Amino acid sequence: MKNIVFIPNINCGDNRSTPYHYSIKSWKKWAEQYDNIEVIEWADPIFDPKVFPIIYQSEWVFDILDHNDIKYDQVLIVDSDTIVHPNCPNFFKETNHEYAAVVSNGCYEWVLRSINGWGEHLFPKEIKPKVWEYFNTGFIIANKKHKPFFNIVKDLYKNNIDKLNDIRENAKYNNLSIPSTGQTIVNFLTIKHNIKVNLLPERYNMTDLFRKNLLHIPGHSWWPDELSFLDTGWVYHFCAIPGKGQQPRHVDYWMERTYKELYD
């Protein structure tokens, strides 16, 4: 039975998805070396993304696969702002068939503010995630035994969508906005419902490359203009890059350059 790489790639009309075809192509080329891995691009939202963010809708992954009669063993739900290295090992062999993720090793202020903010406004009586166990939901591997947990997450979203949107748009923690959409919520819920999380090595979800001094920005960086991050891991997640609209080297630049370096 095949393992699935499931990539949400929804065009919401804001041009954000323009470079994501590089992600799809990289994952498809990587999967070609394995007989039991299939890449599925999801392009049709279930709900209006203006009301129900795409990151929430990703929790319907098993419903989408079942509706389309797609058979599967494990499923990787991965963000479409990622590029995978062609030599990336088969990480499906490292999950022990548990819910698998990678610790979010980036801006700890962001993580702490998100944990404390969502904890205060949505989970005041729940155990808070530890920063060193807080995982990024842009790379999640799950299987059929996790369907009940996905249903729990879906129910929370459906039953509280107005409250969740209000927290995202209006709530504050220490007079600052509360970051994250669904990621911190999922972290809280894995603890609340005793979901065993297999934390995979960071090389499978290299986030916050800018803060790791791995993206050369002219006029800012003192290191050579090289893709040095290619030697630091296997999956490159182009998130948390500052200066959108103010400098040319943003997500689209890095995704195109990385794809062409690795595959063209």
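Select, from ILE127, ILE115, the only residue that is of a type outside the set (Gly, Ala, Ser), at negative phi, assigned to a loop (DSSP other than H, G, I, E, B) and touching a residue at least 60 places away in the same chain (Cβ under 8 Å).
Working: ILE115 fails: assigned to a loop (DSSP other than H, G, I, E, B).
Going through ILE127, ILE115 in turn, the sole match is ILE127.
Taking the condition of being farther than 18 Å from PHE92 by Cβ and within 19 Å of the chain's Cα centre (by Cα), how many residues in the stretch 16-49 meet it? Let's see the steps before the verdict.
Kept after step one, since they are farther than 18 Å from PHE92 by Cβ, are these residues of the stretch 16-49: 16-25, 41-49.
Now drop any that are not within 19 Å of the chain's Cα centre (by Cα), which leaves 16-25, 41-46, 49.
Total satisfying the criteria: 17.
For the stretch 186-225, give me each residue that is without any contact (Cβ under 8 Å) to a residue 24 or more places away in the chain and touching a helix residue (DSSP H, G or I) at 6+ places or on another chain (Cβ under 6 Å).
LEU214
In the stretch 134-165, which residues are among the polar types (S, T, N, Q) and not in a helix (DSSP H, G or I)? Break it down into steps so the answer makes sense when it comes.
Quick first cut of the stretch 134-165, residues among the polar types (S, T, N, Q) only: 136-137, 143, 151, 159-160, 165.
Result: ASN136, THR137, ASN143.
Look at the stretch 171-198 and say how many of its residues are over 29 Å from LYS145 (Cβ atoms) and either open to solvent by less than 10 Å² (accessible area, probe 1.4 Å) or of a type outside the set (Lys, Arg) (or both). Talk me through it step by step, then tell me what you get.
As a first pass, look at the stretch 171-198 and keep what is over 29 Å from LYS145 (Cβ atoms): 171-179.
Narrowing the set further to residues that are either open to solvent by less than 10 Å² (accessible area, probe 1.4 Å) or of a type outside the set (Lys, Arg) (or both) leaves 171, 173-179.
Qualifying residue count for the region: 8.
Which condition breaks for ILE195 when tested against (1) under 30 Å from GLN247 (Cβ atoms); (2) assigned to a loop (DSSP other than H, G, I, E, B); (3) in contact with a strand residue (DSSP E or B) (Cβ under 6 Å, 6 or more places away or on another chain)?
Looking at each condition in turn, ILE195 falls short on (1).
Taking the condition of being of a type in the set (Lys, Arg) and under 30 Å from HIS85 (Cβ atoms), how many residues in the stretch 167-223 meet it?
Let us first name the residues in the stretch 167-223 that are of a type in the set (Lys, Arg), namely 168, 172, 192, 196, 203, 211-212.
With the extra rule that they be under 30 Å from HIS85 (Cβ atoms), the set shrinks to 196, 203, 211-212.
Total meeting the criteria: 4.
Suppose the filter is open to solvent by 60 Å² or more (accessible area, probe 1.4 Å), farther than 18 Å from THR181 by Cα and either of a type in the set (Lys, Arg) or not in a strand (DSSP E or B) (or both); does ASN96 pass it? Write out each step before concluding.
Details: open to solvent by 60 Å² or more (accessible area, probe 1.4 Å): yes; farther than 18 Å from THR181 by Cα: yes; either of a type in the set (Lys, Arg) or not in a strand (DSSP E or B) (or both): yes.
Yes; evaluated as a whole, the condition is true for this residue.
Contact list please: Cβ distance under 7 Å, first residue in the stretch 61-89 and more than 26 Å from MET255 (Cβ to Cβ), second residue open to solvent by 20 Å² or more (accessible area, probe 1.4 Å) and modelled with pLDDT under 95, pairs at least six apart or on different chains.
Pairs that qualify, where the first residue is more than 26 Å from MET255 (Cβ to Cβ) and the partner is open to solvent by 20 Å² or more (accessible area, probe 1.4 Å) and modelled with pLDDT under 95, are LYS71/MET1; TYR72/MET1; ASP73/MET1.
Of the residues ARG211, ARG249, ARG203, ARG168, which is part of a loop (DSSP other than H, G, I, E, B), among the charged types (D, E, K, R) and open to solvent by 70 Å² or more (accessible area, probe 1.4 Å)? First the steps, then the outcome.
On the way: ARG249 fails: open to solvent by 70 Å² or more (accessible area, probe 1.4 Å); ARG203 fails: part of a loop (DSSP other than H, G, I, E, B); ARG168 fails: part of a loop (DSSP other than H, G, I, E, B).
Sole residue among the options that is part of a loop (DSSP other than H, G, I, E, B), among the charged types (D, E, K, R) and open to solvent by 70 Å² or more (accessible area, probe 1.4 Å): ARG211.
Please enumerate the residues belonging to the stretch 214-238 that are open to solvent by 30 Å² or more (accessible area, probe 1.4 Å) and part of a loop (DSSP other than H, G, I, E, B).
PRO218, GLY219, HIS220, TRP222, TRP223, PRO224, ASP225, GLU226, THR232, TRP234
The values are calculated or read from the model by the stated rules, or taken from the named source; none is laboratory data. Note that this is a predicted model, so its numbers are computed, not measured. Don't worry about glycine lacking a Cβ; one is built from the backbone with ideal geometry, like all the others, and counts go over all protein chains shown. For accessibility, only protein heavy atoms count, side chains too; no ligands or nucleic acids. Shrake-Rupley method; radii C 1.70, N 1.55, O 1.52, S 1.80 Å.
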